[in-house]
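S.K.: Provided herewith is a single structure, encoded as structure tokens, for subsequent inquiry.
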Amino acid sequence: MLSAQDFKHQNAINVFTGHHRKNYGQETVTNSIPPTMDDILQACEGPPRLFTLRDSPVKSLLDTQLPKALAQDYYIAVAVAYLKEKVEQLDCEEWVLLVERLFEIYDTISKPLDMTLLMDSPLWSPELKSRLRQACSQYLSETLSPKFNQARRSFYINACRWFEIAYAHDQTILLAPAYEAYDPAILCATLDQNLPPLVDAAHMSDDLLQTQIDQLLLEDPPESMDWLSEESSQDPHRAIGEFTQICLQANMLGLAPQIDEFVYDMASERFQLKEDSWDQAITQRILRDQMQWMRLIVLPWYSHTLQEIDPNGSQVRLATRADWYAFLRSKIVLEHIFYKAFYDSRVERIFDIITEYPASNPVVEDLKIIADKNSSEKATQRASIPNLIKDAVLKEFRTRLLRNGTWAADILQQYILCIQCLKVIDPSCAILVPIIQVVRDYWSTKREDVVPAVVDMIREGEEYGLDDDNIYEFKEGEIEQQEKDEREQLKRLQQMALDPIAMLISICGSTTAFVEEYQEKLSKALLLTDNYDTDEEMIKLEMLKRRFPENTMTSCDIMIKDIAESRRLDRQIHEDAPHIQPSFHGMILSRHYWPEKEVKEPMALWDMTDQQQYEAKFKHYKANRKLHWTPAQGAVSIELEFQSRTVEMTTDPISALVISVFQGKDQRHTDEEIASKINVDLDKVMNSLEYWEKEGIIVLASDCKYQLVEE
């Protein structure tokens with residue numbers, strides 16, 4: 001089945017043949033057949049009189065009475081038929097050789113149109129030359145085997161190396177001769193900065209582009225350019241000249257490739273990450289240096305691919321001002337393609353980038369450069385880089401993080417690092433809103449351990465990189481009430497995102513729940529404190545209080561004051577009753593401000609005589625107050641003796657009782673047996689067993705019994 005172009009050409013031949021036979025077929029037998037391309041070329045090689053002989057096969061093409069459209073359509077048809085015949089006879093796989101052969105054929109079939117003898121004939125028309133070129137280009141682009149696509153790609157991409165070598169030798173930007181009237185230094189400038197809102201940088205007007213040029217500051221090449229190629233024995237300028245010649249011929253034939261794809265491929269190769277280089281890649285900013293490679297090497301290379309032969313001669317057509325502006329707009333497009341390649345190479349590791357933050361800050365800063373670019377994607381806000389990053393983070397969170405088997409601390413740490421990382425990329429914090437909402441929904445519907453995990457992380461803030469440099473103060477009821485106004489919500493988030501501790505507190509959903517959990521953790525820490533030392537806890541609490549309305553954490557204040565008062569009383573009691581064991585100390589707690597604990601009375605760990613004497617002395621100082629002892633709370637200093645070592649530890653009374661059950665490695669106990677022996681609730685025993693497992697003292701055997709790790 002004929003293609004649309006073949007059908008059109010065959011119809012042109014049929015119509016011209018009918019017209020030719022009607023008007024010239026009676027003169028001679030030879031004239032009954034319309035001229036072929038071979039006839040036309042043969043006549044062009046002979047003397048001019050051959051065109052006017054009575055039996056000349058091409059005489060009809062010079063007839064001024066012949067309709068111009070009829071003659072031109074016929075010439076294009078026979079010229080393309082000639083091209084097809086010659087192409088079918090070609091036997092070459094190299095791109096350079098193919099282009100040279102095709103250009104020779106094209107030059108052959110287009111030369112007759114330049115003969116002065118045809119000046120007054122229907123074939124004398126600049127429009128015909130353009131139409132012939134389009135017809136040949138269409139045929140070649142549809143016919144050439146796809147195998148030449150790879151050969152063409154290699155030819156263009158490999159040529160970039162010669163521009164690297166030339167720049168390394170001359171330190172000169174090799175802008176194509178067609179653009180010699182313009183300043184090549186502009187290639188090193190950024191033309192899409194500080195544009196008006198919603199302006200598509202790739203399609204900005206000539207006037208705006210010129211304004212950008214007038215205001216730009218040229219960027220100096222970096223001092224270190226490790227990307228420069230090594231020297232070559234071949235003259236790079238000669239190789240560039242040969243490359244340019246093939247580009248000119250390919251452009252004339254309509255065989256120029258889509259350079260965008262090549263630039264993306266070259267950039268992707270440069271940005272490709274290897275597993276053994278990941279640690280180095282995230283700690284270095286590479287985008288600026290690689291962009292200089294783009295501007296000093298790729299853009300000059302690109303300018304050579306754009307050159308065309310002047311239709312009125314064999315020289316390169318010089319670029320007009322409009323061509324120069326078009327080139328600069330293409331420069332912006334290629335730079336954005338370059339940015340896209342960097343983004344694609346890094347976004348697939350966005351989860352790791354967040355995990356490694358702030359060590360990965362260099363790559364985050366590079367992503368910010370891309371996110372700030374003014375492009376058509378950003379103008380529509382549909383596929384902007386920040387939104388694409390947001391989607392990538394959400395996908396990674398849903399598949400790798402927000403799972404029931406993930407430790408709560410791991411989720412919270414990644415959550416905070418995500419906020420710190422993404423607010424660098426998008427200071428407006430707009431992309432954080434859906435991410436925060438997804439994490440909050442997960443905690444509220446899938447987990448119940450968020451508040452304890454938040455408190456633990458805040459109390460161990462130094463370990464997690466949390467600081468108090470930018471403190472956000474919550475208003476009354478702010479944590480419980482979600483802001484409905486989107487602008488106010490975003491404004492509040494921008495301020496809160498600077499304080500990672502505030503972001504953690506807000507995810508609890510309740511001030512009361514947070515404070516109560518903090519009381520619980522604080523009580524454990526205070527009861528295990530050494531020598532009544534509360535300085536560290538006091539500093540933590542004071543910094544935390546600055547984030548809440550006044551009196552929110554009054555109970556915690558009183559708890560710390562209780563320990564300070566206990567230290568004073570304990571000193572007085574021991575001074576007045578030296579017979580009490582020096583290792584026996586009491587902590588006097590205000591019953592209404594400490595977390596209430598209902599536990600069984602465990603086995604005693606100390607001499608009750610000391611306890612009774614201590615209480616008697618206390619009544620001497622506080623006659624109107626009565627002590628209620630809670631032996632399950634407090635701290636016990638113990639010594640674990642093994643054959644190979646002795647371990648000194650301070651732990652809570654219940655944990656001390658649990659480990660006291662094990663007197664040798666051969667003893668094995670279940671959790672229920674231990675709870676029964678020491679008269680303690682099973683859940684408390686299990687917590688203690690877990691503690692000793694983490695300390696490496698005991699291990700759970702396959703029969704669900706615990707035993708010592710060593711004798």
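The values are calculated or read from the model by the stated rules, or taken from the named source; none is laboratory data. Computed from a prediction, not measured in an experiment: that's the story for all the values here. For neighbour counting, all protein chains shown are included, and Cβ atoms are generated from backbone atoms with ideal geometry for every residue, glycine included. Just so you know, the surface numbers come from the protein's heavy atoms only, side chains and all, with ligands and any DNA or RNA stripped out. Shrake-Rupley method; radii C 1.70, N 1.55, O 1.52, S 1.80 Å.
Residues are listed down the side, and each one gets a yes or a no for (1) under 26 Å from residue 521 (Cβ atoms); (2) surrounded by fewer than 17 Cβ atoms within 10 Å (Cβ to Cβ); (3) touching a Lys or Arg at 6+ places or on another chain (Cβ under 6 Å):
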| site | (1), (2), (3) |
| --- | --- |
| 625 | no, yes, no |
| 637 | yes, yes, no |
| 649 | yes, yes, no |
| 658 | yes, no, no |
| 671 | yes, no, no |
| 677 | no, yes, no |
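S.K.: Condition test on residue 576, is it acidic (Asp, Glu) and either surrounded by 15 or more Cβ atoms within 10 Å (Cβ to Cβ) or at pLDDT below 85 (or both)?
M.R.: So residue 576 does not fit the description; no.
S.K.: Then there's this: Being modelled with pLDDT of 85 or more and out of contact with any strand residue (DSSP E or B) (no Cβ under 8 Å at 6 or more places or on another chain): is that true of residue 705 here? Show your work before the answer.
M.R.: Working: modelled with pLDDT of 85 or more: yes; out of contact with any strand residue (DSSP E or B) (no Cβ under 8 Å at 6 or more places or on another chain): no.
No, not satisfied.
S.K.: Considering only the range 476-494, I want to know if a residue exists there that is in contact with an Asp or Glu (Cβ under 7 Å, 6 or more places away or on another chain) and in a loop (DSSP other than H, G, I, E, B).
M.R.: Start the filter on the range 476-494 by keeping residues that are in contact with an Asp or Glu (Cβ under 7 Å, 6 or more places away or on another chain), which leaves 489, 492.
Still in the list and also in a loop (DSSP other than H, G, I, E, B): none.
Checking the range 476-494: not a single residue is in contact with an Asp or Glu (Cβ under 7 Å, 6 or more places away or on another chain) and in a loop (DSSP other than H, G, I, E, B).
S.K.: Can you tell me which residue among 472, 518 is under 23 Å from residue 593 (Cβ atoms) and among the aromatic types (Phe, Trp, Tyr)? Full working, then the answer.
M.R.: On the way: 472 fails: under 23 Å from residue 593 (Cβ atoms).
Selected residue: 518, the only one of 472, 518 that is under 23 Å from residue 593 (Cβ atoms) and among the aromatic types (Phe, Trp, Tyr).
S.K.: Still on this structure, I have one more. Kindly list the number of the only condition in (1) surrounded by 13 or more Cβ atoms within 10 Å (Cβ to Cβ); (2) farther than 20 Å from residue 632 by Cβ that fails for residue 664.
M.R.: Failed condition: (1).
S.K.: Among the numbered criteria (1) touching a helix residue (DSSP H, G or I) at 6+ places or on another chain (Cβ under 7 Å); (2) open to solvent by less than 30 Å² (accessible area, probe 1.4 Å); (3) over 20 Å from residue 193 (Cβ atoms), which one does residue 324 miss?
M.R.: (3)
S.K.: Would you confirm, using the coordinates I've provided, whether residue 691 is assigned to a loop (DSSP other than H, G, I, E, B) and closer than 30 Å to residue 557 by Cβ?
M.R.: no
S.K.: Quick one: in the range 536-556, of everything that is open to solvent by 40 Å² or more (accessible area, probe 1.4 Å) and of a type in the set (Asp, Glu), which residue is farthest from residue 480 (Cα to Cα)?
M.R.: Per the criteria, the residue is 536.
S.K.: Just to be sure before I move on: is residue 559 at pLDDT 90 or above, more than 30 Å from residue 483 (Cα to Cα) and crowded, with 16+ Cβ neighbours inside 10 Å in the structure I sent?
M.R.: Values: at pLDDT 90 or above: yes; more than 30 Å from residue 483 (Cα to Cα): yes; crowded, with 16+ Cβ neighbours inside 10 Å: yes.
Answer is yes for this residue.
S.K.: Is one or more of the residues making up the range 303-310 of a type in the set (D, E, K, R) and in a helix (DSSP H, G or I)?
M.R.: No, there is no match, as no residue in the range 303-310 is of a type in the set (D, E, K, R) and in a helix (DSSP H, G or I).
S.K.: If you don't mind, another one. Scanning the range 292-310 for residues that are within 27 Å of the chain's Cα centre (by Cα), of a type outside the set (A, V, I, L, M) and crowded, with 19+ Cβ neighbours inside 10 Å, which turns out nearest to residue 130 (Cα to Cα)?
M.R.: So the residue we want is 302.
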